[in-house]
Amino acid sequence: MNALVATNRNFRQAARILGLDSKLERSLLIPFREIKVECTIPKDDGTLVSYVGFRVQHDNARGPMKGGIRYHPEVDLDEVNALAQLMTWKTAVVDIPYGGAKGGIGCIPKELSVSELERLTRVFTQKIHDLIGINTDVPAPDMGTNAQTMAWILDEYSKFHGHSPAVVTGKPVDLGGSLGREAATGRGVVYAAEAFLAEQGKQIKDLTFAIQGFGNVGSWAARLIHEMGGKVVAVSDITGAVKNQNGLDIPSLLSHKEATGKLIDFSGADVMSSDELLTHECDVLIPCALGGVLNKENADYVKAKFIVEAANHPTDPEADEILSKKGVLIVPDIYANAGGVTVSYFEWVQNIQGFMWDEEKVNKELKKYMTKAFHNLKNMCQTHNCNLRMGAFTLGVNRVARATQLRGWEA
C-alpha cells in the first residue's frame, strides 16, 4: 500500500473517531497548494539536463508550512503529498506552530557533482522563492539533501528577499543553524522511546535494541541508547548487517563505518543478512530507513515486543493489524521522529530572535516537548480507547481541525 493511501486511511479513521464534519474532513485532506517546476541546468560537460521539482504545501491553519526537500529518483507527487500531509499532523502532535509541506527533485544525487547539485538547488530556489518564506513555508533537509543544500537555498533566496536565515532550517551552524540539530531526530526517537517505556514500567538500560538503518537517525539513536546503557544487539544499513547478542560496541562500530564506509568486517560482531534484522531477537525494534519495510510478508516473524518508528511510514497497515494481534506495541512515526522538526522550530525561533541557544538548552527543550507530547497522546488513547497510532493521529488532526474552525473556514 503506498504512503498516500495509508496516510489518508489513518486520517479518515481519526476523523471518524473525532466525529469531524464531512466537509471539514474533505477540506483538511486537500493540499493548500501543489507546485511543480521544471529545473534545467548545464552539466559540467556543457550538456543541458532537465529535472522536475515539487513542493506540496498541505496546510497552514496553525502556522507557516514546514517540511523537508528530498533529492531522490523516486520523488513523485503522490509521495510528496503523503509526506506533506504527515508533516501537518506531526507538527500538531508535538504542538509546534507549523503546518505541513514537503518537496523534492527527482534526481540521483550521487550521480551529480557538487557544482551540478548547487546549480540544481539554485534553479529550484529561483522557481519557488516567492512561494516559500519565513512566515509562509520553511524548507529543511531530507533524504539526499543536507546542511550545504540549505546554505545554497538561503543564499539564493536572500538575493531576492534580503538576508533571511529563518527561511530554511537544518543550516550549517556558521550560517545560523542550531546546535543539536544534527542529532535531533535520533535524540527525539530516544526521548520518545524513554517516555513510552517509562509508561510500560521499563528503562532503556534493561532492554535490547535492533536498529534498521545506520544513517543520521539510526547512528545517533544507537549512540545515545548505548550511552544510556541499552544493548544494541543488531544494526543494518545498505552495506549489510551485523549482530552481537551481548551488545555491539557502538562507538567502535561508528569509527569502523567512518573509516571503511560499511558495517560488515567489524571485528566485534557477526555478519547477518539485512532482511533478518527486522525479525531479529530483541525487545525494541527501531526502523530508521525507508517506508513500508514491515509488511504482511514479515510481520508474523517479528520478535520484538515494541517498535519505535523512526522512519516515515515503515509499517504497512496490513502489518499494523498483524502486529497488534500479536500484542506488539508501536510508537508511531508522526510522534517518534518529530524530534527533527521540533529542533528545526527551535532553530527558526533562534533566527527570528537573532539569539542563539547553547546545546544543553536545545536538548532540554526537546526532551520537554517530546515528553509532553507523549502524555497528550496517551490521554487521546484513553479518551477514544484506541492504539498509539490513532492516539497520535486524533491528537494531531483534532488540533488542526480546531485551528481551522477557529479561523473561520466556512466564510
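This table checks each residue for (1) touching a Lys or Arg at 6+ places or on another chain (Cβ under 9 Å); (2) farther than 16 Å from residue 214 by Cα.
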residue: 227; (1), (2): no, yes
residue: 246; (1), (2): yes, yes
residue: 250; (1), (2): yes, no
residue: 274; (1), (2): no, no
residue: 277; (1), (2): yes, no
residue: 294; (1), (2): no, yes
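A quick yes/no check of all residues on (1) in contact with a Lys or Arg (Cβ under 9 Å, 6 or more places away or on another chain); (2) in the same structural domain as residue 121 (by the TED database); (3) in contact (Cβ under 8 Å) with a residue 60 or more places away in the chain:
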| position | (1), (2), (3) |
| --- | --- |
| 12 | no, no, no |
| 55 | yes, yes, yes |
| 59 | no, yes, yes |
| 63 | no, yes, no |
| 68 | yes, yes, yes |
| 71 | no, yes, yes |
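Condition test on residue 194, is it open to solvent by less than 60 Å² (accessible area, probe 1.4 Å) and farther than 26 Å from residue 367 by Cα? Judged against the criteria, residue 194 is not a match.
Within segment 94-110, the set of residues being farther than 8 Å from residue 66 by Cβ, aliphatic (A, V, I, L, M) and in contact with a strand residue (DSSP E or B) (Cβ under 6 Å, 6 or more places away or on another chain) comprises just one member, 105. Hey, among the residues in segment 12-25 that are under 25 Å from the mean Cα position of the chain (by Cα) and of a type in the set (D, E, K, R), which one's least open to solvent (accessible area, probe 1.4 Å)? Result: 25. At least 1 residues being under 19 Å from residue 310 (Cα atoms) is the threshold, and among the helices (runs of 4 or more DSSP H) wholly inside segment 89-205 those reaching it are 184-199. Scanning segment 362-390 for residues that are without any contact (Cβ under 8 Å) to a residue 24 or more places away in the chain and part of a helix (DSSP H, G or I), we see that the one that is least open to solvent (accessible area, probe 1.4 Å) is 381.
Scan segment 209-239 for residues that are open to solvent by less than 30 Å² (accessible area, probe 1.4 Å), of a type in the set (S, T, N, Q) and over 25 Å from residue 343 (Cα atoms) and jot them down. 236 - this is the single residue of segment 209-239 that is open to solvent by less than 30 Å² (accessible area, probe 1.4 Å), of a type in the set (S, T, N, Q) and over 25 Å from residue 343 (Cα atoms).
Kindly check whether there is at least one residue in segment 263-273 that is touching a residue at least 12 places away in the same chain (Cβ under 8 Å) and closer than 30 Å to residue 352 by Cα. No: zero hits. Taking (1) open to solvent by less than 40 Å² (accessible area, probe 1.4 Å); (2) in contact (Cβ under 8 Å) with a residue 60 or more places away in the chain; (3) farther than 14 Å from residue 348 by Cα in turn, residue 143 satisfies each apart from (1).
The residues of segment 122-147 that are within 18 Å of residue 163 (Cα to Cα) and either of a type in the set (Phe, Trp, Tyr) or within 14 Å of the chain's Cα centre (by Cα) (or both), listed by number, are 139, 140. Find the residue count for segment 279-312, including only residues that are outside any strand (DSSP E or B), free of Cβ contacts under 8 Å to residues at least 60 places away in the same chain, farther than 22 Å from residue 231 by Cα and open to solvent by less than 50 Å² (accessible area, probe 1.4 Å). Count: 3. Looking at segment 211-236, which of its residues are more than 12 Å from residue 310 (Cα to Cα), in a strand (DSSP E or B) and touching a helix residue (DSSP H, G or I) at 6+ places or on another chain (Cβ under 7 Å)? Answer for segment 211-236, where residues must be more than 12 Å from residue 310 (Cα to Cα), in a strand (DSSP E or B) and touching a helix residue (DSSP H, G or I) at 6+ places or on another chain (Cβ under 7 Å): 232, 234, 235, 236.
The values are calculated or read from the model by the stated rules, or taken from the named source; none is laboratory data. This is a predicted model, so every value here is computed, not measured. Cβ atoms come from the backbone with ideal geometry, glycine included; neighbour counts cover every protein chain shown. For the accessible areas, the whole protein counts, side chains as well, though only heavy atoms, and no ligand, DNA or RNA atoms are used. Shrake-Rupley method; radii C 1.70, N 1.55, O 1.52, S 1.80 Å.
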